[in-house]
Structures are given as C-alpha cells and as structure tokens.
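Values in this text are rule-based calculations from the coordinates and carry no lab data. What you see is a predicted model; the values in this text were computed from it and never measured. Cβ sites come from the backbone with ideal geometry, for glycine too, and all protein chains shown count toward neighbours.
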C-alpha cells in the first residue's frame with residue numbers, strides 16, 4: 001500500500017514502527033529531522049581501570065549522577081592491545097586495560113564541573129588514570145583509539161579471515177557480568193574476541209575474528225554469539241541493541257519474544273505489506 | 001486480539017502507536033517506565049514582556065541556546081489578570097503582561113550560568129523584569145501563578161458557565177503569530193478567552209469561558225476553536241499538541257491529514273481491533 005506522507009499525527013505515531021521494522025513495512029522516501037542544539041564545546045576523557053567490574057560500575061555511576069554525557073564507550077584490554085598493535089594512533093601507546101572513553105558537551109562552566117565530578121566518581125572506582133582534553137587537538141588524539149578500534153581489528157585479518165561484529169543489550173546492572181561471562185566463553189572456545197560497548201545504554205559489541213575456511217572456527221564463532229544472546233535474554237536484555245535482526249538474528253528474536261508477539265508482528269507485516277515484498281526474508285517470515 | 005506483553009523489540013516499536021492511539025487499539029495493562037535522573041536543584045524565573053511578540057521570540061531564543069530548561073510556560077495578560085482577580089496567590093500581585101515562566105534544573109554552577117544567560121536573552125527582548133527564586137519557598141511562590149491559572153479561571157464561571165480548554169501546536173517560528181491572531185479572533189467574537197502555552201514545544205492552549213445556556217455563545221466558542229485549528233494547520237502545525245483527538249477533534253484530524261493517512265489508521269485499527277470495540281467512537285470511526 002501507499003504509505004502516507006503527511007506531517008503530524010498519522011506518521012508520528014508510526015515512526016517507531018517503521019524505523020524498527022528494518023525496511024520490512026515500506027521504504028522511507030521523505031523524512032523531517034528534528035534538530036538538536038549543538039553544545040558550545042566538547043571535551044573528552046580517557047580512563048583505564050584494572051577490571052571490567054570496576055569500569056562498568058563507574059560508567060553506570062556517572063550516568064546516574066545525570067551529568068550531561070554525549071558519549072560513553074568501553075573498550076576492553078584486548079581491544080586496547082589491538083589498537084596499540086595496529087599502530088594507527090602512534091606514537092601514542094595506550095594502557096592495555098578496560099578503558100572508558102567519555103565525551104562531554106556543554107558550556108565552559110558545565111564542562112569544568114562535569115569533568116571534576118567524573119574524575120571523582122572514577123577515582124572512587126579504582127581508575128588507573130584520568131586524561132582529559134584541553135583543546136580540539138588533544139580531543140582528537142584521545143578519541144583516536146575509539147575511532148581506530150574497528151580498523152585496527154580489520155587490519156589483523158589474514159586470508160580467509162572474517163569478523164563477526166555482534167551486539168546485545170542488557171539492563172545496566174547486568175552489563176559487567178555479561179561482558180565478563182562472554183569474554184570467558186570466547187576464550188574457552190579459543191576465539192580471538194574483544195569487546196567494546198556503548199555502556200551508557202547497556203549495549204555492547206563482541207568482535208570475533210575467525211578463519212572462514214575452517215568449519216570448526218565458524219561453528220565456534222556462531223556458538224559464542226548464540227550463547228551471548230541467550231545470556232542477554234536470561235538477564236532480561238535483548239538479542240540486539242542497535243545492529244538489528246536482519247537475517248542473522250531471526251532465531252534469536254524467536255527466543256526473545258513470545259509466540260503471540262511474533263504473530264502480532266506478522267499480522268502488522270501482512271496488513272501493511274500484504275504481498276510480503278518489502279525487504280523480504282528479514283526479521284520475520286510468513 | 002491479545003496484545004503481547006514481552007519486553008523488548010515487539011512492544012518497543014509499537015509504543016508510539018499504542019500511546020498515540022488514545023486507547024483505540026487496546027488497553028495498556030502493564031508498563032515499564034524508563035527513569036530519568038532528577039537534577040540536583042531547581043530554580044524558577046518569571047519574566048513579563050510588553051507584548052506576545054517579545055515574549056515568544058525570547059522563549060524561542062532561550063530554547064535555541066540549548067540551556068537546560070525543565071519547563072517553559074507562557075501566560076498572556078488576560079490570564080495574569082485572572083490570577084490576580086482570583087486572589088489565590090495573594091498577597092502577591094502580578095504584572096498583567098504576557099509573562100514567561102521558566103523552570104531550570106541542574107547543579108549550582110549550571111543554574112547560575114543558565115539564569116545569567118536567560119536574563120541576558122530576555123533583557124535583549126525588552127523584558128520588563130526578571131525575578132528568580134533563591135530558595136524553595138521563593139520557587140513555589142513564583143510558580144504559583146502558573147499553578148493556580150486553571151483554578152482561577154474555573155472560579156470565574158457563573159451558573160451554566162462552561163469552559164473550552166483546547167490546544168494546537170505549530171512550528172516555533174509561527175507561535176507568536178498564531179497566538180496573536182487567535183486572541184484577536186476571540187476578542188472580535190466577544191468571547192472571554194485567555195492563552196497559555198508550553199512554548200518550548202510550540203504548543204499553546206486557549207481557554208474560552210462561555211454560557212452554555214446561550215446558543216450563540218456556544219456557537220461562537222466552537223467557531224473560535226475551529227478557526228484556531230485551521231490556522232494551525234495552515235501554518236504546518238497540528239490540530240492538537242497534547243489534549244488529543246477523542247470525540248472533539250475528529251473533524252479537525254480529517255482537515256489535517258490526507259485521506260490516505262486516515263485510511264491507513266483505519267486499516268491498523270481494523271487489524272488490531274477487528275470488532276472496533278476499543279474506546280469506540282474516538283479518533284476514527286469505521
């Protein structure tokens with residue numbers, strides 16, 4: 001059917017439905033963005049911790065103070081080592097520790113206050129340093145490890161090397177536990193895996209590099225993902241925080257939702273796209 | 001049909017759809033709230049202006065600086081006079097001018113900075129005063145006019161007196177124009193009307209008091225509302241910002257949306273509630 005294009009009530013109420021449908025309900029041909037005000041200034045802070053179980057609670061504590069955080073990223077010790085090995089941020093060498101990357105936005109006074117409070121909170125959770133950027137150059141430098149993390153990983157792949165980049169999300173109170181359990185599991189399977197997370201949202205990513213020409217490596221990588229998903233669902237989380245269902249997580253979706261929910265999704269799909277022609281095979285199938 | 005109760009994907013994507021359906025798609029029996037962090041402190045500022053065309057642009061300018069505003073309310077000179085007459089905030093007597101009410105939240109440093117910037121912005125737009133609360137008692141006092149505005153109005157009703165409390169919303173850039181035009185229109189019709197607005201959202205309310213036993217007053221009140229709605233739609237706004245469609249604005253909804261949108265809404269309604277038994281007669285009818 002022809003999806004209506006009005007401003008206002010009709011479409012606003014189905015925004016979430018269409019965006020979350022991953023293209024299975026229709027094609028967005030026109031969008032009106034809502035603009036946000038840019039902060040006057042940004043700053044960045046980088047804070048290494050001895051363990052994930054120090055870093056994640058520190059992140060949660062910062063979120064709970066309500067200080068304005070524009071981004072809050074976690075990278076584990078393996079990811080930090082890979083950034084060092086990749087050498088893209090040279091001559092800078094990073095502590096190979098679970099590390100939080102903060103981006104703050106605001107006025108000068110707000111920034112100074114925020115940085116002070118975050119330093120206090122992280123120090124109380126055994127932070128092993130606290131570097132913050134005093135200008136744009138330092139900001140770019142401190143953010144570079146986060147920025148280069150994916151490329152550093154990709155650079156490590158050998159011939160036939162593939163990477164699974166998968167995500168789940170859990171309540172903040174469970175985040176440290178699921179990260180540690182998933183890292184242990186991957187290590188026990190003998191996989192090359194590292195973790196980074198948008199920890200303010202309870203969302204984290206595991207990057208698994210494996211050799212696609214070896215069936216047992218493929219199998220192990222898939223097993224690691226399946227177990228991570230099951231763990232997230234057991235913790236009242238979700239099988240994907242931002243990467244979506246697509247083809248790869250259709251089974252995971254069935255684990256997460258009750259049959260009635262899947263039926264409801266199919267009912268809406270069949271109503272809006274009666275011939276099931278939109279992004280076929282994704283999310284749910286007939 | 002049985003609406004599913006899972007956490008996660010299924011329901012999150014239909015949140016907007018169900019909330020915006022005004023009960024026409026089903027009954028919400030369970031909800032998981034997302035908590036927000038309370039600011040450390042609040043403060044309130046009250047700022048009168050010579051005209052609506054000074055007050056609204058001042059409000060818009062404050063929003064556009066991105067300072068954290070917890071509430072931003074406008075009350076017109078008529079509403080301020082009615083608060084004085086109602087006497088519920090005595091011994092306090094308010095300037096009978098279009099007045100902005102700000103509520104700010106944040107830390108001490110943020111509040112001090114915010115109040116300074118808002119004072120600067122409003123002074124540049126001919127503010128005729130700037131009072132801000134130094135403690136909780138002053139805060140309650142300054143907010144009291146906003147709090148008592150509806151009750152002051154209700155207290156004015158005589159026997160047979162009714163009140164229409166209706167709202168529309170328009171892009172911020174059009175807000176001053178529609179308020180002034182709607183006030184003029186109501187005055188030309190000889191109606192008792194006053195305006196208050198949640199001006200940060202481009203949303204405002206007109207309160208019209210009339211005698212329900214006099215058919216010509218009823219007719220005039222309805223005409224004023226219909227014309228205000230048409231004006232909002234002409235300005236790319238919406239026929240209601242927060243009060244909803246219900247019974248009263250079903251015609252207005254048809255003015256606002258294209259036929260295809262209404263058909264789409266009916267299609268969803270008929271799919272989810274095939275017997276049309278949920279909140280019957282509201283928003284759209286078969």
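Give the distance, in whole Å, between the Cα centre of segment A:184-225 and the Cα centre of segment A:237-286. Answer, in whole Å: 24. Spin-label point model (7 Å from Cα, Cβ direction): what's the residue A:154 to residue A:41 distance in nm? The answer from the label model is 3.4 nm. Helix A:108-123 and the long axis of chain A differ in direction by around 80°, with both axes built from C-alpha atoms. Structural descriptor for chain A: relative contact order 22 percent, calculated from alpha carbon pairs under 8 angstrom and at least 6 residues apart.
For peptide A:62-71, what's the mean number of Cβ atoms from other chains within 10 Å of each residue's Cβ? Provide the component values of the computation, followed by the final result.
On the way: counts 0, 1, 2, 3, 8, 4, 3, 0, 0, 0.
Partner Cβ neighbours, averaged per residue: 2.
Could you work out which residue, out of A:276, A:94, A:143, moves most in a Gaussian network model of chain A, that is, has the largest mean-square fluctuation with Cα springs under 10 Å? So, out of A:276, A:94, A:143, the one fluctuating most is A:276. Sequence-distant contacts, meaning Cα pairs under 8 Å at least 6 residues apart, place the relative contact order of segment B:157-243 at 43 percent.
Going by alpha carbons, how many degrees (0 to 90, nearest 10) lie between the helix axis of B:77-86 and the longest principal axis of chain B? Approximately 80 degrees, to the nearest 10. Note on chain A: GNM, Cα springs under 10 Å; of A:242, A:219, A:148, the largest mean-square fluctuation is that of A:219.
Can you bin segment A:157-243 into rounded, prolate or oblate? Criterion: square roots of the alpha carbon gyration tensor eigenvalues sorted a ≥ b ≥ c, rounded for a/c under 1.5, prolate for a/b above b/c, oblate for the rest. Write out the running numbers ahead of the final one.
Numbers: a/c = 2.24, a/b = 1.92, b/c = 1.17.
Cα axes put segment A:157-243 in the prolate bin.
I need the peptides B:104-113, A:77-86, B:202-211 ranked by packing, meaning the mean over residues of other C-beta atoms within 10 angstrom, with the highest value on top. Walk me through the numbers on the way to the answer.
Details: B:104-113: 18.7, A:77-86: 20.3, B:202-211: 22.5.
The peptides rank, most packed first, as B:202-211, A:77-86, B:104-113.
Within a 10 angstrom radius of each residue's Cβ in A:255-268, how many Cβ atoms of other chains show up on average? Whole number is fine. Spell out each step's value before the answer.
Numbers: counts 0, 5, 7, 4, 1, 7, 10, 3, 4, 10, 5, 0, 3, 6.
Across A:255-268, the average partner-chain Cβ count within 10 Å equals 5.
Each copy carries residue B:244; placing its label point 7 Å along the C-beta direction from Cα gives inter-copy distances of 3.3 nm, listed from smallest up. If I take R0 = 25 Å and measure r between the Cβ atoms of residue B:51 and residue B:138 in this structure, what FRET efficiency does the formula 1/(1 + (r/R0)^6) give, to the nearest 0.05? Calculated value: 0.40. For chain A, the longest principal axis of the Cα atoms and the long axis of helix A:259-272 meet at an angle of about 70 degrees.
Within the listed set B:274, B:171, B:98, the residue fluctuating most in the Gaussian network model of chain B (springs between alpha-carbon atoms under 10 angstrom) is B:274. Computed over every Cα-Cα pair of segment B:42-102 and binned at 10 Å starting from 0, the pair-distance distribution P(r) comes out as 22, 50, 24, 4 percent.
Could you sort B:35-42, A:223-230 so that the peptide with the highest average Cβ count within 10 Å comes first and the rest follow in order? Present the calculation step by step, with values, prior to reporting the outcome.
Numbers: B:35-42: 11.8, A:223-230: 19.0.
Ranked by mean Cβ neighbours within 10 Å, highest first: A:223-230, B:35-42.
Each stretch of four or more DSSP H residues adds -39500 (n - 2.57); spread over every residue of chain B, this sum gives -13500 deg cm²/dmol at 222 nm. By the gyration tensor of its Cα atoms, with a ≥ b ≥ c the square roots of the eigenvalues, what is the shape of segment B:38-156: rounded for a/c under 1.5, prolate for a/b over b/c, or oblate? Since a/c reaches 1.5 but b/c is at least a/b, the shape of segment B:38-156 is classed as oblate. Values of log10 I(q)/I(0) for the protein assembly as shown across q = 0.07, 0.08, 0.09, 0.10 Å⁻¹ run -0.55, -0.72, -0.89, -1.05, by the Debye formula with one identical scatterer at each alpha carbon and no solvent.
Compute the orientation-averaged projected area for chain A from the convex hull of its Cα atoms and round it to one decimal in nm².
17.4 nm²
Per-residue Cβ counts within 10 Å, from other chains only, averaged over B:24-37: what number is that? Across B:24-37, the average partner-chain Cβ count within 10 Å equals 1. Once you divide the Cα radius of gyration of segment A:82-213 by 2.2 N^0.38 Å, the number left is 1.19.
If the viscosity is 0.890 mPa s and the temperature 25 °C, what Stokes-Einstein diffusion coefficient in µm²/s follows for segment B:198-286 when Rh is the Kirkwood radius over Cα pairs?
Numbers: Rh = 14.9 Å.
Using the Kirkwood radius from Cα pairs, D works out to 165 µm²/s.
Mean sequence separation of contacting Cα pairs (under 8 Å, at least six apart), scaled by the length of segment A:1-149, corresponds to a relative contact order of 33 percent.
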